[in-house]
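See below for the structure under consideration.
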Amino acid sequence: MDCKILATPSKYDFKPYAFGFQKDSPLLGLFNFYLKEMREKGAMKKILNKYDSGPQICPDSSGQPLGMDNCFTAFMVLVFGLGLALLLMGIEWLAELTGKSLPVYETLPPQIEDEKDKIIKELTEQNRAILEELSRYKNQLGNINEKGFINKDILASNSC
């Protein structure tokens, strides 16, 4: 057996198996009967043993260092991140030394600012219309008599 990949013992790697049937299938009872019979006669165990790879005999490598070849990718990611951070720090440092500041946008460009004002105005008008409608319904609900009916005379005077 190859010891580059270690097999996990079955007690830690239990995989149940299942077979899919249509709901209320007439074959389900028949299938369960033969599956139970195979388990009782040991046929299932024979099939599982036939395809089992057997025990893996490898030297105990617990407590041994991993080595650079196993950790190379992790170190490369670390070095790349460090290099990128140093590059950005250098750019900021040079910008500070030369007196040139990096562009910082505190306000929106004029075209976007005009569009923003238009959108705010439209939303304000829509909200005003919605509030008027809600106020009208609130008035109607306030005019419900003791039997739970809205007075038709009051409704006619409130309608548009």
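The values are calculated or read from the model by the stated rules, or taken from the named source; none is laboratory data. Only a predicted model underlies this, so the values are computations on that prediction, with no experimental measurement involved. Cβ atoms come from the backbone with ideal geometry, glycine included; neighbour counts cover every protein chain shown.
Laid out as a table, the results:
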quantity	calculated
Within the stretch 17-59, tally of residues that are farther than 30 Å from CYS3 by Cα and either touching an Asp or Glu at 6+ places or on another chain (Cβ under 7 Å) or not small (Gly, Ala, Ser) (or both)	20
Any hit, the stretch 68-91, residues being modelled with pLDDT of 85 or more, over 34 Å from the mean Cα position of the chain (by Cα) and aliphatic (A, V, I, L, M)	yes
Hits in the stretch 51-78 - residues which are assigned to a loop (DSSP other than H, G, I, E, B) and either touching a helix residue (DSSP H, G or I) at 6+ places or on another chain (Cβ under 9 Å) or not polar (S, T, N, Q) (or both)	TYR51, ASP52, GLY54, PRO55, ILE57, CYS58, PRO59, ASP60, GLY63, PRO65, LEU66, GLY67
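Conditions (1) modelled with pLDDT under 90; (2) farther than 23 Å from ALA18 by Cβ; (3) aromatic (Phe, Trp, Tyr); (4) not assigned by TED's automatic domain parsing to the domain that holds LYS4, marked per residue:
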| position | (1), (2), (3), (4) |
| --- | --- |
| MET38 | no, no, no, no |
| ALA43 | no, no, no, no |
| ASN49 | yes, no, no, no |
| PRO65 | yes, yes, no, yes |
